[in-house]
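To keep things clear, I will list the structure first and then write my remarks on it.
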Amino acid sequence: MQQQRVRVGVYGASGYAGQDAVEILSQHPCVDLVFATSGTYAGDAVPFTNLRYIKPDDAPLESVDAVFLALPHGVSAQTAKKAEAHGVRVIDLSADLRLDTPELYQKWYNHPHPHPELLPTPYGLPELNRDALRGVERIAAPGCYPTTTLLGMYPLLRENWLVNDRPIIVDAKSGVSGAGREPKPNTHFVEVYGNFSPYGVGRAHRHVGEIEQEMQKINPNTGLLIFTPHLLPVDRGLMASIYVELAPGHTSAEVQALYEQTYANEPLVNVLPKGQLATLKHVVKTNKAAISITPNTDRYVHITSVTDNLRKGAAGQAVQCFNLMYGYDETTALL
């Protein structure tokens, strides 16, 4: 049976996540790429396609069925609203549709939500929320830190194996591409090379609200998230080192089997064999996550969760959501 073809546009297609989205979609057997926008590179050739970048205001929304929005927060919601008015489906890679209420959005992004009527939008982490993504009109693709962290904690949260209300410590590191393509003083080569620096410490990072929101949905007894991100001097890749305390009745020796069982049928999540440690090389330039489990004591466990921040942490996951939205095999163009 011939599958439906979908006409797709990509906004913010010259950014790092946008470029990866275009690359993946150009290989998708059911996608016709119609346009790719860039405010900076309009007129230049779009890699992996026969297109040229056009300015966002020139994008022909009437000519597409769906759009990927790799745009800054604040801007993305406005474009999503325009797409909705044209009956166009939306996969949003920004933060604008991830938080469930305008109050939470304002708290973490320090400005009012441009279109609060778009909230809540289904949260596009398929391994946790697959059934809610099928056939919907718009999806909020998660952030890279939330994706990596939530996949690393999900089995323990779902089965209520953690001590209630006890802090969960996440020590996370991301490659420089996570900061976007626009030059910034702290992401120049001479600042990053030979350096390793924390940022957004003290529950200040915007992704804390997103992670805690989704943790609470899995398990309302979840404790406080202590989250510290770091800028890793590599181009791509993200690692979350997660430290948790198990509730009485469970031991760290049982955790490996729990994770293997939970993710046994997940094509884009690999639980590594006992004794192996997840590294960036397991996932860079792939659309998969890799997870390893290390018992510290009977009650304390260290989980390492890694993704490519531009793939499973952004563009690859957005295409995974797109596949669910349209009823394609979930891994189409991703393996």
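The values are calculated or read from the model by the stated rules, or taken from the named source; none is laboratory data. Keep in mind it's a predicted model, so treat the numbers as computed, not measured. Here the Cβ is made from the backbone with ideal geometry for all residues, glycine too, and neighbour counts use every protein chain on show. The area values use the complete protein model at the heavy-atom level, side chains included, leaving out ligands, DNA and RNA. Shrake-Rupley method; radii C 1.70, N 1.55, O 1.52, S 1.80 Å.
Summarising the label geometry, the points placed 7 Å from Cα in the beta-carbon direction at THR297 and ALA42 lie 6.2 nm from one another.
Using a cut-off of 15 Å between beta-carbons, work out the net charge of the residues near PRO142 (Lys and Arg +1, Asp and Glu -1, PRO142 not included). Walk me through the numbers on the way to the answer.
Numbers: positive: ARG98, ARG130, ARG138, ARG206, LYS217, ARG311, LYS312; negative: ASP92, ASP96, ASP100, GLU127, GLU210, GLU212, GLU214, ASP308.
That works out to -1.
Can you say what percent of the DSSP beta bridges in the chain, counting only those with both residues inside, are antiparallel? Round to 5. For the chain, the DSSP antiparallel bridge percentage is about 45. Rounded to the nearest whole Hz, the Karplus-based 3J(HN,Hα) values (6.51 cos²θ - 1.76 cosθ + 1.60, θ = phi - 60°) of the stretch 293-306 follow the sequence 10, 10, x, 9, 9, 4, 10, 10, 10, 10, 10, 10, 10, 10, with x at glycine and proline. Here the relative contact order of the chain, from alpha carbon pairs under 8 Å that lie six or more residues apart, stands at 18 percent. Backbone amide hydrogens, once placed in the peptide plane, bring HIS302 within less than 5 Å of THR294, ASN296, excluding anything fewer than 5 places away on its chain. Other residues lying with their Cβ under 12 Å from the Cβ of ASP32 contribute a combined charge of +1, Lys and Arg counting +1, Asp and Glu -1.
Please give the per residue volume of the convex hull enclosing the alpha carbon atoms of the chain, rounded to a whole number of Å³.
On the way: hull volume 45.1 nm³, N = 335.
Given the Cα convex hull of the chain, per-residue volume reads 135 Å³.
Angle of helix 75-85 to the longest C-alpha principal axis of the chain, folded into 0 to 90 degrees and rounded to 10: 60°. Expressed as a fraction of 2.2 N^0.38 Å, the value expected for a compact globular protein of N residues, the C-alpha radius of gyration of the stretch 117-254 is 1.16.
Size descriptors for the stretch 1-122, from the alpha-carbon set: Rg then Dmax equal 14.7, 49 Å. Label point of GLN106 set 7 angstrom out along Cα-Cβ; within the stretch 62-80, amide nitrogens under 17 Å from it belong to 74.
Entry comment: accessible area of the stretch 235-280 is 47 Å² per residue, from protein heavy atoms only and a probe of 1.4 Å. As a length-normalised measure over Cα pairs under 8 Å and 6 or more apart, the relative contact order of the stretch 1-160 settles at 17 percent. What is the helix-to-structure angle for 316-326, meaning the angle in degrees between its Cα long axis and the longest Cα principal axis of the chain, kept from 0 to 90 and rounded to the nearest 10? Helix 316-326 sits at roughly 70 degrees to that axis.
Tell me the mean residue ellipticity at 222 nm calculated for the chain from its helices only (DSSP H runs of n ≥ 4, each -39500 (n - 2.57), averaged over every residue, nearest 500).
On the way: 9 runs with 83 residues, N = 335.
When only DSSP H runs of four or more count, the value is -7000 deg cm²/dmol.
Accessible surface ranking for HIS111, HIS207, 1.4 angstrom probe, highest first: HIS111, HIS207. Normalised by the number of residues in the stretch 65-133, the average gap of Cα pairs under 8 Å and 6 or more apart makes the relative contact order 28 percent. Distance check, please: which entries in LYS173/LYS312; LYS217/LYS281; LYS55/LYS82; LYS173/LYS274; LYS81/LYS184 exceed 25 angstrom between their Cα atoms? Check vs 25 Å cut-off fails for LYS217/LYS281; LYS81/LYS184.
Element breakdown for the chain at a 1.4 angstrom probe: carbon and sulfur atoms account for 52% of the accessible area.
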